[in-house]
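See below for the structure under consideration.
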Amino acid sequence: MIIYSGLLALFCFMTIVNIASMPRLKRKEQMSGQKLSVLIPMRNEERNAAAVIQSVQSIHWPNLECIVLNDGSTDRTEERLIESIGRDQRFTIVNGKELPEGWVGKVHACHQLGKRASGDYLLFLDADVRVKPVAIIEAVTLLQKRSAGLLSGFARFPARPVLAKLLVPMQPFFVFFHLPVLLANWTKWAAASAAHGGFMLFTREAYEAAGGHQSVKGSLVEDVHIMRNVKKAGHKAMIANIAPSVTCTMYETNAETWEGFLKNTFNGLGRSKGAAALLILFYAVFYVAPLFLLFAGYWLPYLLIVLQKLLVDAAARQSLWYAPFMPLSAAAFIVLLLSAMTRPVHTWKGRTYSNKKP
């Protein structure tokens with residue numbers, strides 16, 4: 001039990017080091033004279049269309065264009081966009097082309113947006129992301145300071161459904177715990193990469209050098225793969241703590257949460273059953289077992305995993321009330337990963353993708 005608790009204490013220390021190493025966006029009021037292209041792919045996003053347009057309209061940036069691609073929506077997305085944009089000449093709505101074979105839907109939409117963009121900086125935003133007015137100035141300032149070609153980060157994730165409260169805050173947990181942040185941000189080692197596709201800020205030079213979204217056309221975790229390509233092309237890529245300035249409400253129902261995580265979880269491991277099995281064993285032993293040990297009278301392991309989760313939730317601006325439920329979050333993740341491993345295909349927004357290794 002001493003060794004077991006010692007390992008959990010070590011995990012807490014590793015997490016503290018990563019939190020301290022993760023750069024934050026800092027307030028910067030000076031505006032750049034360079035052009036910013038905000039690029040938003042949308043497919044059946046009527047509930048988000050108006051709010052994301054309003055968020056982009058509030059951005060402090062003098063030379064801004066926003067291109068929204070309507071990717072075959074069957075709901076009122078286009079109507080909401082037209083109403084929200086009004087006569088704002090900075091905004092353009094384009095209709096997406098038919099999805100070619102071998103492409104993932106969102107990746108193809110981003111590819112089309114990248115081709116149309118004319119900015120010096122390209123910011124790919126998801127429709128469920130909201131940014132504070134100075135967030136982009138802050139992000140570009142950090143990008144320039146580090147001489148990087150790509151900046152991504154994990155937003156604050158308000159969670160409404162029960163399953164989302166368990167699973168969504170695990171995204172920053174995985175990054176703050178497992179990613180060697182110093183290596184990820186200060187070297188061009190491609191394997192040390194993590195990104196969130198909802199907020200991807202490129203310099204045009206780095207985006208084009210990496211081959212754009214065409215280079216990851218069949219990827220369901222294109223954010224990580226394109227970050228690796230940026231590094232391979234000789235540019236720095238970095239991840240920052242953007243939670244104080246950016247929010248992302250990913251899912252509105254338990255079913256959406258389940259399907260969304262099914263799409264990404266196993267693919268994020270390279271569809272490796274060996275890696276998935278090791279991760280399942282790791283989280284069962286270190287993050288589910290402490291709950292049973294608590295009932296057996298061994299309270300220290302449970303306190304340590306709750307402390308680790310509290311540290312991450314505080315850094316990521318998540319509700320601190322989630323931390324005591326860490327064993328349930330880990331159990332939900334294990335069930336999710338097992339389900340993703342055994343499902344041959346999955347469907348997202350009306351499109352079906354294979355879970356088999358190419």
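All of the numbers you see were taken from the coordinates with simple rules; none came from a lab. The structure presented is a predicted model; accordingly, all values stated were derived computationally and were not measured. FYI the Cβ positions are ideal-geometry reconstructions off the backbone, even for glycines, and counts take in every protein chain you see.
Can you give the angle from 0 to 90° between the axis of helix 222-232 and the longest principal axis of the chain, with both taken from C-alpha atoms, to the nearest 10?
Helix 222-232 sits at roughly 80 degrees to that axis.
Let me have the 222 nm mean residue ellipticity of the chain computed from DSSP H runs of 4+ only, each contributing -39500 (n - 2.57), with the sum over all residues rounded to the nearest 500.
On the way: 15 runs with 165 residues, N = 358.
My calculation for the chain gives -14000 deg cm²/dmol from helical runs alone.
Which ordering of Thr15, Thr77 is given by a fewest-first count of other beta-carbon atoms within 10 Å? Intermediate values should be presented prior to the final figure.
Numbers: Thr15 20, Thr77 23.
Listed from fewest to most nearby Cβ atoms, that is Thr15, Thr77.
Once the Cα atoms of helix 273-283 and of the chain are each reduced to a long axis, what angle between those two axes, in degrees from 0 to 90 to the nearest 10, is obtained?
Tilt relative to the chain: about 60 degrees.
Grab the alpha carbons of the chain, take their convex hull, and tell me the volume per residue in Å³. Numbers along the way, then the final one.
On the way: hull volume 45.5 nm³, N = 358.
Hull volume normalised by residue count: 127 Å³.
Relative to the Cα centre, what is the charge dipole magnitude of the range 73-191, using +1 at the beta carbon of each Lys and Arg, -1 at the beta carbon of each Asp and Glu, and rounding to the nearest 20 debye?
Numbers: 16 positive and 11 negative charges, 81 e Å.
The dipole of the range 73-191 has a size of about 380 debye.
From the residues Val181, Leu300, Val168, which one has its Cα farthest along the dipole of the chain in the positive direction, the dipole being from +1 and -1 charges on Cβ of Lys/Arg and Asp/Glu about the Cα centre?
Sorting the options by dipole projection puts first Val181.
Go through Lys145/Lys217; Lys188/Lys309; Lys145/Lys231; Lys106/Lys188; Lys26/Lys217; Lys232/Lys273 and tell me which ones have a Cα-Cα distance over 24 Å in this structure. Don't skip to the end; give the middle numbers.
Working: Lys145/Lys217 30 Å; Lys188/Lys309 29 Å; Lys145/Lys231 17 Å; Lys106/Lys188 26 Å; Lys26/Lys217 34 Å; Lys232/Lys273 26 Å.
Distance filter (> 24 Å) returns Lys145/Lys217; Lys188/Lys309; Lys106/Lys188; Lys26/Lys217; Lys232/Lys273.
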